[in-house]
Amino acid sequence: MTKIKISIKAYGLVGDDFDGKESLQEKILPKEALDSKLTEIDLKQILETIITSIKDIKALYPDQQTDMIRHNDNRLDSIKFEVTYFDKTDVCQMLEEKALFQQVAKYNNLAPLILDYCNVTDDGEEGSRVMITHEYDEGPPAGTYAILALVDQDKKWISNYIEYLRTNALDHEVEQMWDIKNIITKYGWCKETYELAIARQISCCGQSGRTQFERLINEGLKTALDNKNHKTLFLDCILKEFIEWDAFQFRLKEGSKAYFQIYVVSYVKHFDALLTQIEITTIETFLLQKWDEHNES
C-alpha cells in the first residue's frame, strides 16, 4: 500500500529568554488508492493530521517568560510542512502549503478544515500568527495560501479572508498588498470587494493600507461608486466594518468619549475622497450614537 509522509519542521523560543529551538514531527498515513492524485479522503486525513500536529508542536514551546505578559501560552515562531508520497509509477510527489491547499480547496466539504488550519496557525510567539519558514527571507504568515485557495474558488470566502487578515501583523507585510490586488482584479467591484477595500482602510490597514486604498480609488473604485446602488452598498459596508473592528469594540467599552472620537470616529475622514460631507457626518453621527447607547445603558 502506498504511504503518505507528512514532515513538519518548526522553530520557536524556549525558556525565559530568546533561545531558539528547532523540532521535527513526522507522520505516516495510508493512501487511499494507487493513483498519482490525492483523493478527497487522502486530503482530509492529511489536513486533520497537520492540524493536530501543530497543536502538539505548540505544546513544545510553552511561554515561560516571567517578566513579560504571557502570549497565548506558546512561543511557536514558524513552521514548514511537506507532504510526500509515491504514485503508482514510483515517482515521488511533494507538496508544500500552497500546492496542497490548491487541491484541498476544490472540495467544498473540506472548507471547514481549511478554516481550522487558519485558526490553529494563529496565536504563536507574542500572540502573533505563526510564519511559514523560508530559506532566504521571512515567508508569509501560515494560512495565507490556505485562505487564498478558498477565495480563488468563490468570492463568498472574501469575508473569511478579511477575518484572516485581521490576525496578520500588517505593520510588517510580506505579500498581502499583492494578494488583495489580485482578489479585486479577479472579482471586480462588488459587495465582497467593497468590504475588502474598506477593511484595508480600517481594521486591515497596516503599513500599506492607505497607499493601496488611494491606488484603488484611481483604479476604478471611484468610478464604480458613481452608481447610486453601489454607493449605498459601499456606505453600508463602511458601517459594518466599524462595528466589526476590534478597536471600535475596545474604545466603546474602555476610555473616554474623547478617545473614542480620536481613535475611532476620526477614521471616517479616511474616506473623504469618496464621500460627501453629508455622508461623512451621517457615519460619524451613527458611531457617536453607538457610544451614547452603550454608555447610557
Item to check | Cross-link reach list, lysines versus LYS290, counting only Cα pairs under 21 Å and skipping chain neighbours closer than eight places | outcome: LYS240, LYS253, LYS257, LYS269
Checklist entry - Say a paramagnetic label sat at a point 7 Å from the Cα of GLU219, along Cα to Cβ; which residues of the stretch 261-297 have their backbone N under 18 Å from it? => result 274
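May I ask you to order 140-151, 200-211 by the average number of other C-beta atoms within 10 Å around their residues, highest value first?
Numbers: 140-151: 23.6, 200-211: 18.7.
In descending order of packing, they fall as 140-151, 200-211.
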Checklist outcome for this item: FRET efficiency (ASP236, GLU96; Cβ distance; R0 35 Å; to 0.05) is 0.30
Next on the checklist: Among 254-263, 56-65, how do they line up by average Cβ neighbours within 10 Å per residue, starting with the highest?
Outcome noted: 56-65, 254-263
Checklist outcome for this item: The extension gain from ALA247 to THR185, computed as 0.36 nm times the residue separation minus the Cα-Cα distance, is 19.4 nm
Checklist entry - Given the options GLU125, GLU138, GLU82, which has the most mean-square fluctuation in a GNM of the chain, springs set between C-alpha atoms less than 10 angstrom apart? => result GLU138
Item to check | Fully extended contour minus Cα-Cα distance, from ASN229 to SER256, at 0.36 nm per residue | outcome: 6.1 nm
Next on the checklist: If you restrict to DSSP beta bridges whose two residues both lie in the chain, what percentage is antiparallel, to the nearest 5?
Outcome noted: 95 percent
Next on the checklist: With a cut-off of 8 Å between alpha carbons and a minimum separation of six or more residues, what is the relative contact order of the chain in percent?
Outcome noted: 12 percent
Next on the checklist: On the principal axes of its Cα set, how long, how wide and how thick is the chain? Give whole Å, largest value first.
Outcome noted: 68, 50, 38
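Expressed as a rounded percentage, what relative contact order does the stretch 165-297 have, with Cα pairs under 8 Å and six or more residues apart? Working shown, then result.
Working: 89 pairs, mean separation 28.2, N = 133.
With pairs under 8 Å counted, the relative contact order is 21 percent.
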Checklist outcome for this item: At q = 0.10, 0.13, 0.19, 0.22 1/Å the base-10 log of I(q)/I(0) from the Debye formula over the alpha-carbon atoms of the stretch 134-275 is -0.35, -0.58, -1.19, -1.48
Checklist outcome for this item: In this structure, the FRET efficiency calculated for LYS106 and HIS134 from their beta-carbon separation, with R0 = 22 Å, to the nearest 0.05, is 0.25
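May I ask for the net charge around ILE8, where only other residues with Cβ less than 14 Å from the Cβ of ILE8 are counted and Lys, Arg are +1 while Asp, Glu are -1?
Working: positive: LYS5, LYS9, LYS27, LYS55, LYS58, LYS80; negative: GLU22, GLU26, GLU48, ASP56, ASP77, GLU82, GLU96, GLU97.
My count for the surroundings of ILE8 gives -2.
Bear in mind these aren't lab numbers, they're just calculated from the coordinates by the rules spelled out. Computed from a predicted model, the values in this text were never measured in an experiment. Glycine gets a Cβ as well: all are built from the backbone with ideal geometry, and neighbour counts include every protein chain shown.
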